[in-house]
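Asker: This is the structure, below, for whatever I ask next.
The values are calculated or read from the model by the stated rules, or taken from the named source; none is laboratory data. Computed from a prediction, not measured in an experiment: that's the story for all the values here. Cβ atoms come from the backbone with ideal geometry, glycine included; neighbour counts cover every protein chain shown.
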Amino acid sequence: MRPPPVLVRRTGLNRIPTESVPRQPTKAMVFDISRYMIEDGPGIRTNVFFKGCPLRCVWCSNPFGLSPRQEVAYNHRKCTLCGACVGVCPENACSIEGDRVVTDRQRCTACGKCAGACLTHARVIVGTEYSPLEIVERVNEDATFYRRGGGGVTLSGGEVLMQADAALEVLRLARGLMLHTAIETSAHAQWERLELLLPYCDIVFVDLKHVDSERHRCLTGWSNELILENIRRLVDYSASHASPVVVLRLPVIPGLNDDESTMSETARFIASLRTAIAVNILPYHNLGITKYEMVGLESTIDGDLDADAAGLQRYCDHIRALAANAVCSIGGGEIDYDRLPKSSKA
């Protein structure tokens, strides 16, 4: 007797075997799915931004990812003060004050009625629930581009480890389609959450915001002991399993974490890791500054800070001088994935 045929679900140019579909419904709160990205892994990629982050970095480039819940974003530059949002809000959370609409965030339930009534899209809901299968179907629409350039999907945030169960299902389904997979994480979570995802990752980008624990607490709201321990365990896991590739990212914020002492201490930490590692220095940018006001937050950093090319190179030189196990690059789009340390290649 012939075995029964394997049922498949079509998506794009490929198929997702039904046995790969999550057995239990798991939802992910996502605030953006961006296509044709080129800086968070090799090739052309789709980045999925998970909503919610435990850290509060003073330089956060996307405050839309901070809250784990849906919220209303309001761009007063698009607002015509028509008052439609005021009239439809069931919580009376909207009111016109001067040249803009003010939202009482304590009253607002993010029901979305105001966004639905806004003809200029000055008000939008940030955050959408997707099943892992829905996410992978969206990602797989560009499968042809991934195949040609070695691209794939990168799960970012927010902090992806806050929704580790949903992320696991996304990665598992993506792997079932032979897609290259990556995650970006602060590593501020229990090791078990990170370890859960590693068998399904080709690359893990992990941030080190500041090597000094007290300074890390001042800049992010939390100390860094858990993060440093997870970075060590991640590098050990990579060395033991020959996968995933680990890329340590160092965001450089002028005046906050780019002094000589911090550079040297960071380099010594890298040198203490078990094996060779890729290090990527990220210059500060202020592209997310205007988003703070849109979700009722206030940025506490000078938006005019400018990355100093010479300072970035000096940081890279520090690492190369003190950490012989590091392959260092500057800028998210400048990683040469063909030159990553052999001991950490997947």
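Residue-by-condition table, conditions (1) touching a strand residue (DSSP E or B) at 6+ places or on another chain (Cβ under 6 Å); (2) farther than 30 Å from Gly127 by Cβ; (3) at pLDDT 90 or above:
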| position | (1), (2), (3) |
| --- | --- |
| Ala267 | no, yes, yes |
| Ile281 | yes, yes, yes |
| Met294 | yes, no, yes |
| Ala309 | no, yes, no |
| Val327 | yes, yes, yes |
| Pro341 | yes, yes, no |
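Asker: Let me spell it out: the conditions are (1) part of a strand (DSSP E or B); (2) modelled with pLDDT of 55 or more; (3) surrounded by fewer than 11 Cβ atoms within 10 Å (Cβ to Cβ), and Pro25 meets all of them except one. Which number is the exception?
Answerer: All conditions pass for Pro25, except number (1).
Asker: Looking at segment 36-74, which of its residues are β-branched (Val, Ile, Thr) and surrounded by fewer than 21 Cβ atoms within 10 Å (Cβ to Cβ)?
Answerer: Ile38, Ile44, Val58
Asker: Sticking with this structure for a sec: So which residues in segment 30-52 are in a loop (DSSP other than H, G, I, E, B) and of a type in the set (Val, Ile, Thr), if there are any at all?
Answerer: The answer is Ile38, Ile44.
Asker: In addition: Show the residue pairs meeting these rules: Cβ distance below 8 Å; 6+ apart or different chains; first residue within segment 310-339 and exposed (fewer than 13 other Cβ atoms within 10 Å of the Cβ); second residue of a type in the set (Asp, Glu).
Answerer: Cβ pairs passing all conditions: Gly333/Glu39.
Asker: Can you give me the number of residues within segment 234-253 that are of a type outside the set (A, V, I, L, M) and either within 18 Å of the chain's Cα centre (by Cα) or surrounded by fewer than 16 Cβ atoms within 10 Å (Cβ to Cβ) (or both)?
Answerer: Looking only at that region, the number is 6.
Asker: Condition check: surrounded by fewer than 16 Cβ atoms within 10 Å (Cβ to Cβ), within 25 Å of Asp32 (Cβ to Cβ) and either in contact (Cβ under 8 Å) with a residue 24 or more places away in the chain or not β-branched (Val, Ile, Thr) (or both). Does Arg123 satisfy that?
Answerer: no
Asker: Looking for whichever is free of Cβ contacts under 8 Å to residues at least 60 places away in the same chain and small (Gly, Ala, Ser) here; the options are Ala164, Ala143, Ala182. Which one fits?
Answerer: On inspection, the qualifying residue turns out to be Ala164.
Asker: Just checking, does segment 109-127 include any residue being basic (Lys, Arg), in contact with a Ser or Thr (Cβ under 6 Å, 6 or more places away or on another chain) and modelled with pLDDT of 95 or more?
Answerer: Looking for residues that are basic (Lys, Arg), in contact with a Ser or Thr (Cβ under 6 Å, 6 or more places away or on another chain) and modelled with pLDDT of 95 or more, one finds none in segment 109-127, hence no.
Asker: Would you pick out the residues in segment 284-295 that are under 30 Å from Ala326 (Cβ atoms) and surrounded by fewer than 19 Cβ atoms within 10 Å (Cβ to Cβ)?
Answerer: Correct list: His285, Asn286, Leu287, Gly288.
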